[in-house]
Every structure is written in structure tokens, then in C-alpha cells.
1. Round to the nearest 10 and give me the degree value, 0 to 90, for the angle of helix 5-19's Cα axis relative to the longest principal axis of the chain.
2. Note the listed values (i) 133; (ii) 120; (iii) 100, then indicate which one is volume of the Cα convex hull per residue in Å³ calculated from this particular structure.
3. Would you work out the charge dipole size for segment 14-110 about its Cα centre, treating the Cβ of every Lys and Arg as +1 and the Cβ of every Asp and Glu as -1, and quote it to the nearest 20 debye?
4. Could you check how much of the accessible area of the chain is carbon and sulfur, as a whole percent, using a 1.4 Å probe?
5. Just to confirm my numbers, what's the Cα centroid distance between segment 24-58 and segment 117-152 in Å?
6. Quick check: net charge around Pro136, other residues with Cβ under 15 Å of its Cβ, Lys/Arg +1 and Asp/Glu -1?
7. Enter the accessible area per residue of the chain (Å², integer; probe 1.4 Å; all protein chains in place).
8. Give a quick list of trypsin sites (Lys or Arg not before Pro) in segment 1-98 that DSSP marks as loop, anything other than H, G, I, E or B, with at most 16 other Cβ atoms within 10 Å.
Amino acid sequence: MRISARADYAVRAALQLAASRDAGPLKAEGIADAQDIPHKFLEGILNDMRRGGLVSSQRGGNGGYRLAKPAESITIADVIRVVDGPLVSVRGVRPPELSYTGPAESLLPLWIALRANVREILDGVTLADVASAELPTGVSALAAAPDAWTNP
């Protein structure tokens with residue numbers, strides 16, 4: 001699985017909004033500067049997030065962006081899906097729509113299992129979890145495994 005720059009930027013912007021939810025709306029420029037995200041790129045991402053119901057925008061001098069829902073009810077998967085579509089696809093196709101034959105036949109359950117694991121983690125972690133640095137125990141355990149930090 002590859003996390004696109006667009007998804008990474010979207011999650012970081014959402015986390016910036018989650019961390020400052022009591023400060024009122026944040027301007028896109030402020031989010032971009034705080035997270036070192038190209039401003040114009042972020043504008044498009046924020047628009048997608050607004051259309052997806054994750055953020056709301058307010059115009060005017062005191063305007064900006066804020067989360068449309070509590071950070072506790074927005075998962076990392078929600079953000080990624082809004083800006084990038086399905087969490088796991090193979091050649092742009094969702095795994096249940098694939099079919100294989102012969103020795104490749106068991107690839108389908110492998111891709112389905114991969115998708116299930118990705119969903120379990122990303123649907124199980126909210127913006128509030130990450131913003132407060134309190135990841136769920138299972139996620140922390142996976143990240144604490146020594147092999148998790150090495151590249152094969």
C-alpha cells in the first residue's frame with residue numbers, strides 16, 4: 001500500500017484542524033505553513049474535504065476551515081477515502097471485483113486480507129487519537145515491533 005502525498009497532506013491538515021478546534025477557523029495559509037504543505041495543493045485538498053463533509057469553511061476576515069464533525073468521529077480512513085478513494089485497490093480496481101485463475105487464484109483472498117487489515121487500522125484510529133498522541137493499543141504494539149521500523 002502506498003500513501004499518496006495528497007492523502008498525507010489531507011491527514012496532516014485534518015490533524016492541524018483537530019488540534020486547534022477551539023481556536024476558531026484556520027486559514028488555509030496557516031495550515032499550509034504549520035504543516036509545510038504547498039498552499040495551492042492544500043486548497044484543492046480542503047475543497048475535497050469540504051465536499052466530503054469532513055471540513056466546513058467560512059468566508060470573510062475571520063473565515064477559514066474547521067472540522068465539520070468532532071475529531072473523535074473522523075477516522076484516518078475517512079480522510080484518505082475522501083481525497084484518494086478506496087484504501088486498497090489493485091490496478092485501480094477494488095479487490096472484490098477481481099478474478100484470477102490457475103496458480104494466481106489465491107491472490108484474491110490475499111488482497112482481501114490486506115484490505116481488511118488496512119481497514120482495521122485506519123478505520124480504528126481517529127483524528128483525536130493521533131492529535132492527542134494516544135494511538136490504540138493494537139496500533140502502538142504494531143509500531144513498537146522492531147521489524148516495523150526496518151526496510152527489507
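The values are calculated or read from the model by the stated rules, or taken from the named source; none is laboratory data. Keep in mind it's a predicted model, so treat the numbers as computed, not measured. Don't worry about glycine lacking a Cβ; one is built from the backbone with ideal geometry, like all the others, and counts go over all protein chains shown. Heavy atoms of the whole protein, side chains included, go into the accessibility calculation; ligands, DNA and RNA do not. Shrake-Rupley method; radii C 1.70, N 1.55, O 1.52, S 1.80 Å.
1. Approximately 50 degrees, to the nearest ten.
2. Of the labelled values, this structure produces (i).
3. On the way: 11 positive and 11 negative charges, 67 e Å.
The dipole magnitude comes to about 320 debye.
4. On the way: 4870 of 9140 Å².
Ligands and nucleic acids excluded, carbon and sulfur give 53 percent.
5. Answer, in whole Å: 25.
6. On the way: positive: Arg119; negative: Glu72, Glu120, Asp123, Asp129, Glu134.
Within the 15 Å Cβ shell, the charges total -4.
7. Details: 9140 Å² over 152 residues.
So the chain comes to 60 Å² accessible per residue, rounded to a whole number.
8. Working: sites: Arg2, Arg6, Arg12, Arg21, Lys27, Lys40, Arg50, Arg51, Arg59, Arg66, Arg81, Arg91; in loops: Arg2, Lys27, Arg59, Arg91.
Filter output for segment 1-98: Arg2, Lys27, Arg59, Arg91.
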